[in-house]
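Here's the structure, in structure tokens; my notes come after.
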Amino acid sequence: MNATAEFRKQGWDPVQAAILAKIQPALTAELERTAQPEKKASPEVQALVDLVSLYETKFPEICYTKGGSRARKAMDYVLRGDVIGAGVDRYGNDVWLVAGQKCSKRGNWCDCKDVGAPTILNYGKLCFHRLAIALKTNWKGDKNPALLAYLQKITEDARGAYVDILIERDYDYHGEGNRARVAGYWCHGMSQHERLVPQDVIAATLPQFQWAFGEMGWGLADLPMKLPGTTDYYYRIAKGSDLLLSESIFWHRGRTWRMEDRERMRRLQLVELAAHLEEWINAPISIPLNNYEARRITELRQRMKEESMQAAEVWAALPEALQAAFLENGENDNAY
Ligand SMILES: [Zn+2]
């Protein structure tokens, strides 16, 4: 018994050594089964990491005294899509928005407060903003030809002024970053959106969307619209639209139809409530109602009974002009 001898050599008594030798294969198998596969960066991320190392070697001055470097910090912003082209300055130099800070690569300027950033002959100030532009413009990772080809096809065929791209989003549960996949589209004349089969779905990063939209001359026309379920969103795009495709807009939590419906309902209820505050609480209802209306009114009255003080207080606190507007409104479409 080789394994037993091995454990005895480690100082276990014979019985313990025999037990350990017996459970060893099962333990090894279990460890192998539950082992975390080593996280491998995608080729495009690796390409960026290589560029960062190159800059760190070339310009050791960009390293922070507390560790890390401006290039490494810049990399995070590039990957997140927080490096956005913003036209040219009055001298025709490129202008970028990096983490909300305006700066230029060719113009050699950035007005940020990074006093520790080195200024290098021919390169200018190497703060992380300008390093981010350098990384972004020397990187191929934001090119996604499959994404561009698909978007071009659907927008060329599309009727109407805009197209809704169906995008599946996964939230950043495990610190791997938000992820997005183009899964189909809708445009005018279609009764429902067309959904790609799973193997044709196109995974894309925010920098890749920024690149593709830039190539097409199309842009986001509205905030993302959340669809029922957990992953689906519509991203409405239109030609020439220039809603800034920033992180906070692209990953916006999304408007929902239910949200809008609820708001509309609340406005209606407030009008009714304001117009008939007293009657609502006290009077019997003597008009025929359908089931839906009856249920709504019962609910509303119940809530008003419970919160009557609050409702009255709110009403009293309203400016007179607003009270008048509510009352008038209530009378105009008053069916009671
Ligand atoms: Zn800067």
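If a residue has to be within 11 Å of the ligand (Cβ to nearest atom) and hydrophobic (A, V, I, L, M, F, W, C) to count, how many in segment 127-141 make the cut?
Residues that pass the stated criteria total 5.
Only one residue in ALA180, ALA134 is surrounded by 14 or more Cβ atoms within 10 Å (Cβ to Cβ) and within 19 Å of GLY229 (Cβ to Cβ). Which one?
On the way: ALA134 fails: within 19 Å of GLY229 (Cβ to Cβ).
The unique qualifying residue is ALA180.
Using the structure shown, decide if GLU61 is over 19 Å from VAL49 (Cα atoms), at pLDDT below 95 and more than 14 Å from the ligand (Cβ to nearest atom).
In short, no.
With the condition being hydrophobic (A, V, I, L, M, F, W, C) and more than 25 Å from GLY100 (Cβ to Cβ), I'd like the strands (runs of 3 or more DSSP E) fully within segment 126-243 carrying at least 3 qualifying residues. Write out each step before concluding.
Numbers: elements: 162-170, 179-187, 202-204, 218-220, 232-239.
The qualifying strands (runs of 3 or more DSSP E) are 162-170, 179-187.
Test GLY124 against the stated conditions and say whether it is within 14 Å of the ligand (Cβ to nearest atom), in contact (Cβ under 8 Å) with a residue 12 or more places away in the chain and either surrounded by 15 or more Cβ atoms within 10 Å (Cβ to Cβ) or of a type outside the set (Ser, Thr, Tyr) (or both).
Here the answer is yes, as GLY124 does meet what is asked.
Can you name every residue in segment 71-94 that is closer than 17 Å to ASP50 by Cβ and either touching a residue at least 24 places away in the same chain (Cβ under 8 Å) or among the hydrophobic types (A, V, I, L, M, F, W, C) (or both)?
ALA71, LYS73, ALA74, MET75, VAL78, LEU79
Mind checking whether some residue in segment 195-214 is among the hydroxyl-bearing types (Ser, Thr, Tyr) and free of Cβ contacts under 8 Å to residues at least 24 places away in the same chain?
No, the conditions are met nowhere in segment 195-214.
Any residue in segment 95-121 that is without any contact (Cβ under 8 Å) to a residue 24 or more places away in the chain sitting within a Cβ distance under 6 Å of a residue that is within 12 Å of the ligand (Cβ to nearest atom) and of a type in the set (Ser, Thr, Tyr)? List the pairs, counting only those 6 or more apart or interchain.
Listed pairs, sorted by first residue: VAL95/SER104.
Among what's in segment 75-121 and is near the ligand (Cβ under 9 Å from one of its atoms) and acidic (Asp, Glu), pick the residue that is farthest from ALA212 (Cα to Cα).
This residue is ASP114.
The values are calculated or read from the model by the stated rules, or taken from the named source; none is laboratory data. Worth saying up front: this structure is predicted, and the values here are computed from it rather than measured. Every residue, glycine as well, gets a Cβ built from its backbone with ideal geometry; the counts of neighbours run over all protein chains shown.
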